[in-house]
Each structure stands twice: as structure tokens, then as C-alpha cells.
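For reference, the structure is listed below as C-alpha cells.
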Amino acid sequence: MSNLGLKSLPEVECIHYSNYLMEFKADSVSLVYASGYLGNPASMFGHVMIKFNKLKNNKLLDHTFSYGAIVPDSDNKLEYIYKGITGGYDGHYANQMYHHQNLLYNESELRDLWEYELKLPKQDVNFLLAHFWELEATKKTYYFFTENCAYQLAKLLEMLMGRPLHKTNKLWVMPYDVVSLLNDDDIESITYHGSRQQDLYNKYFQLNQNQKQTVEIIIDAQPNTIPDHLKQYEDYAAKQIIDTLFDYYAFIESKNSGLTQLQEESRKQLLRQRFTLSSGNTDWEEENPSPPHSSQDTALLQVSSVYTPPLGFASEFRFRANYYDFLNVNTARIPFSELEVFDVRVRYLHSESTWSIRELILFNITNLNTSKTGLPLDSGIAWRLSSGYKTNSLTCQSCSSFYVDGFIGKARSLNNYFAAYTAISADIRSTDKFGGYIKSGPEIGGVFNVTPNWAMSLKVGHHISLSSMGSYGNYLDWEHRFFSHKNFDFRAQVKYQDSYEYSGSLSFYW
């Protein structure tokens, strides 16, 4: 200002800006992380938003700012993926009450939220508010993997923290990266907001065995018989059952976009029955799962030593851009799922001194959709969809082809450590020296988290060629993960497809 001959800037009163600050009355700021959602390409990798907190306020009335693409309702998912990657959408900052985010993520999409309250002085809180005031009406080009929600919010927080909150050694930006780069000194507190589904699980597993059986009976019973099933219990135990069933019907309503007439009548009968019991709430132990920043990092470099009897020893080098597989330390991610994007394996065969691209997975998405409780409708279809370029047989070095494969089935999870599935799989291959084919058959598998430092996955299948009915075969993939460090692990794997293959791998994550 001195260079301009000014001693100070004039005082300016902006009514709209003053009203904006009065509306927020923010005392602190939180970075909120939403877990991934495999039902929408836009949400698979999670989401982050900024929340402004008021000390004297219902938390659902706090304001949030998030950044996202402006997507026309007429665009389908394939259009969204293409335009999102190539910059075909404008992005904007949306100012919404937190109850909107709670309804969308916790209730509708059944996603968990983690709130990282940041240690920012009031001056920085006001600075951030002022900057959002300027940005709210602006638009930017949205890029799905780079200039996305994580990138834009990271750049804002970097101005206050004075260091990068996105990984500068990666060409892409993930919501997980932002929370993983927060230091303990940056965080005042971490609060978990479970989805409606998690609320159900939390209550159900605190019931005793008789109460659980009564919950199952009432779900299948006629509404007018509900009082008879509850009369055996003291008031407090009956209220626990009713509270659990309220969460069950709320979960089913979100999952199925509504309830059947019978389910509606049962819920009304439970409400009437609740009014006949004593007043007062039931006490439940709060769930406190590990936060998302404790998961393993998302990019992978792996070095392997491989032995296949027909070919001999080989060295393999693997790079995976994103995100995780069954055996990663997957805190705060969708249980018993995989989401892998651009996963390439290059192999050097020592006996022939030759290099080859052994495998290139463009994407691999698996969701076992497990049922934890065994209650009706507490599960979905287990499925996998994968596409890319991989070997047709373990007996050859250069016999890979383009493929699309997957399965559809059912899975069951007894707890957070074990899940098993049965499915019908299909595998479509492009033409190569073996000839293209379509194969299908049964597949069984599972994921076993034996200890924090030892986990394994298994799949076994039999396939029959639909293009040549006399052709059939079996396959096996048994993999172990040892250690649970954020940045590395060791893997051991046995495969079978026309021949056995054995490998040991050292993995590095960043």
C-alpha cells in the first residue's frame, strides 16, 4: 500500500457478506471423509468435504462446502466416466447444510462418514469462510482423477497449513490421500458417523441370543402378533428389540427405496407397542472403528519371484495405480470388496531371457455384499466385473489376450474377519493363438483375516467352454498377506490354470 501512496484501505461494508458470516458463526472447521460407494462411478473412491462447526448448534444444521461436477440428469454412467476423465464437466462448490450430507451419505447411500476436526485458529476459519464466499459462484473444469474434490479442497487447506495435502509424487489425487497426509498436530478430534446399516449392526450384536431370535421372528411375523412376541420381556429388553427393529426397517427402506405394505404395518405396530412401555432411552455402546487414514496407501509397487514348472523361474514387476484388494489393510473401506484400477504386471523369464506384459487390469471391481446378521434382506448380490489383458494359461510366456470376466452369486459374513461366497462365473476372451472363447462355471471363494498380520483369500472354480462344449478346466488362486504396515507387506501366492505357479512378493504402498 505504501508504494501506492496509501496508508490504509477504506472500510467497506458488504451487507450480503456480513449476513453470510452471521449465518455460519463458525467456531471450527472439519474435513469430512465419506467412504466409497460402488453403486456410482463418481463415488467409488470416496469423497471429502469441508464442514464449519458451531459450538452452540445442532450439528445437522452446520454448513458444509463440497466440490463436484455439474452432471446433467440425462447423462448415463458411461458418459459420466468419459466426460469426467476428459474434462467434459464444469465443477462447482456447493454450500449445503450438514443434514443434507447426512441424508445422502449415511441414510440413502449407506456410507460411513469420518469427521476430522482441524486445529485451526479463528483467524484461519474466517479466512476459509471468506475464500469460499469468493469461490461459491465460480466454476472450474472438473477432472475425475486430478482436479477433483480432493484436489480442490487440499489446495484450500494447503494455504492455511503451509504444506502439501496431496501426494506430489502421484499424477492423480484421491480423497484418501488428503486425510492420510494430516498429522496428529493438525487434528483436534476424529468423530465417526456410522451409516444406517452400521447403526443396525451395532445394536443387533449387542442383543442377547433370545433377543436376536425374537427380532428374526418379528420380521417374518404378522403385525398383529408382535405384542405376543414381546410380552415375555421386561420393558428395557423389549425397548432394545424395538429400537433394533426400527433401525432394521429404516435400513431396508433406504436400501430398497421404500417398504412393502406389510413392513410398514409392522413398523407402525412396533411404534404402538413402544408407547405401551416405560419412557426413557436405551443405552448402547458406541462403535469406534479405526479411521480411514490408518488404511494402507493406495498406489502399489511390487517385486515378485515366480516359479512355474513348465517355464522355470521368472521375475515380475507390478504397478497398480489404485486402490485396494481383498488383502490390503482396508480400514474404513467397503468390507470384503476390491477396487483396482490400472494394474500392470511385467515379467522377465530367465530361461528365455524375454520380457512380456503378463497382465494389465484396466479395472477390477468386486463386492461380496455380505450379510453380517443373516436377517432377511441384509445382503445383496455378490458380484465381480473385471476387464483388461491377461494370460490364457500359466504354461506359456506370451499367450495373453483381452478379456472381460466376472461372477454373480451370494456371500455370507459371520463377522468382520471372514466371508465366503458361491457364484457362477463367466470369462470372455478375444481371439489369440488359442482362439477366442467364452467360459462359464461355478466358483467358490472367501476372505479370511486370521490375525492383523496374516490374511488370505481363496478362489476355486471350474469352467466349461460355451464355444466348444468338450473343453473344460479348473483354476485356483490362493494368496496370503503377511504384516499390516501402512507402507509395505509380503505376499505368497499359489495359482493353478493348466499348471501350478508359486510366487513370493514384496509390496510397497504410497
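Values in this text are rule-based calculations from the coordinates and carry no lab data. Values in this document were obtained by computation on a predicted structure and should not be read as measured data. Cβ atoms come from the backbone with ideal geometry, glycine included; neighbour counts cover every protein chain shown.
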What helices does the chain hold that run 15 Å or longer along their axis, going by alpha-carbon atoms, with a Kyte-Doolittle average of -0.5 or more, using DSSP H for the helix calls? 122-135, 149-161, 235-255
Per 0.36 nm of contour for each residue apart, how much would the distance between residue 71 and residue 313 grow if the chain were fully extended, relative to their Cα-Cα spacing? 82.1 nm
Prolate/oblate/rounded label for the range 196-275 (Cα gyration tensor, a/c 1.5): oblate
Order of 502, 33 from fewest to most other C-beta atoms within 10 Å? 502, 33
Compute all pairwise cysteine Cβ distances in the chain, then list the cysteines with no distance under 4.7 Å to another cysteine. 14, 149
Need the C-alpha centroid separation for the range 94-158 versus the range 395-430, integer Å. 37
Need one number: convex hull volume per residue for the chain, Cα atoms only, in Å³. 202
Simple spin-label estimate for residue 235/residue 189, 7 Å along Cα→Cβ, in nm, reads 3.2
For the range 174-266, which GluC sites (Glu not before Pro) pass both filters: DSSP loop (anything but H, G, I, E, B) and at most 12 other C-beta atoms within 10 Å? 234
Under 14 Å from residue 56, Cα to Cα: aspartates and glutamates that are on another chain or at least 8 residues apart: 23, 27
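Which chymotrypsin sites (Phe, Trp or Tyr not before Pro) from the range 294-335 combine a DSSP loop assignment with at most 11 other Cβ atoms within 10 Å?
Passing both the DSSP loop test and the Cβ count: no residue.
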Apply the Karplus curve 6.51 cos²θ - 1.76 cosθ + 1.60, θ = phi - 60°, to the phi angles in the range 310-316 and return the couplings in whole Hz, x for Gly and Pro. x, 10, x, 7, 8, 10, 10
Distance from a point 7 Å along Cα→Cβ of residue 18 to each backbone N in the range 133-163: keep the residues under 19 Å and list them by number. 133-134
With R₀ set to 41 angstrom, the calculated FRET efficiency between the beta-carbons of residue 274 and residue 27, to the nearest 0.05, is 0.65
The range 212-321: trypsin sites (Lys or Arg not before Pro) in DSSP coil with no more than 15 other Cβ atoms inside 10 Å: 231
For residue 467 and residue 404, what is the calculated FRET efficiency with R₀ set at 25 Å and r taken between the beta-carbons, to the nearest 0.05? 0.95
Per-pair calculated FRET efficiency, R0 = 41 Å: residue 460 and residue 209 via Cβ, rounded to 0.05: 0.75
Between the alpha-carbon centers of the range 9-66 and the range 206-282, tell me the distance in whole angstrom. 36
Which whole-Hz couplings ³J(HN,Hα) result when phi for each residue of the range 222-229 is put into the Karplus expression 6.51 cos²θ - 1.76 cosθ + 1.60, θ = phi - 60°, listed in order with x for Gly and Pro? 6, x, 6, 9, 4, x, 5, 6
Considering only DSSP beta bridges where both residues belong to the chain, give the percentage that are antiparallel (nearest 5). 100
Of every Cα-Cα pair in the range 56-137, the percent that sits beyond 17 Å: 64
Selection from 497, 368, 131, by position along the positive dipole direction of the chain (Cβ): 497
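Distance cut-off 30 Å, Cα to Cα: go down the list 139/170; 155/372; 25/155; 139/486 and report the pairs above it.
Beyond 30 Å between Cα atoms: 155/372; 139/486.
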With +1 assigned to the C-beta of every Lys and Arg and -1 to the C-beta of every Asp and Glu, and no other charges, what is the dipole magnitude of the chain about the Cα centre in debye, to the nearest 20? 760
With each label point set 7 Å from Cα along the Cα-Cβ vector, what nm distance links residue 494 and residue 131? 5.5
By count of other Cβ within 10 Å, fewest leading, how are 14, 399, 149 ordered? 14, 399, 149
Run the quick spin-label model on residue 9 and residue 222: label points 7 Å from Cα toward the beta carbon, then report their separation in nm to one decimal. 7.4
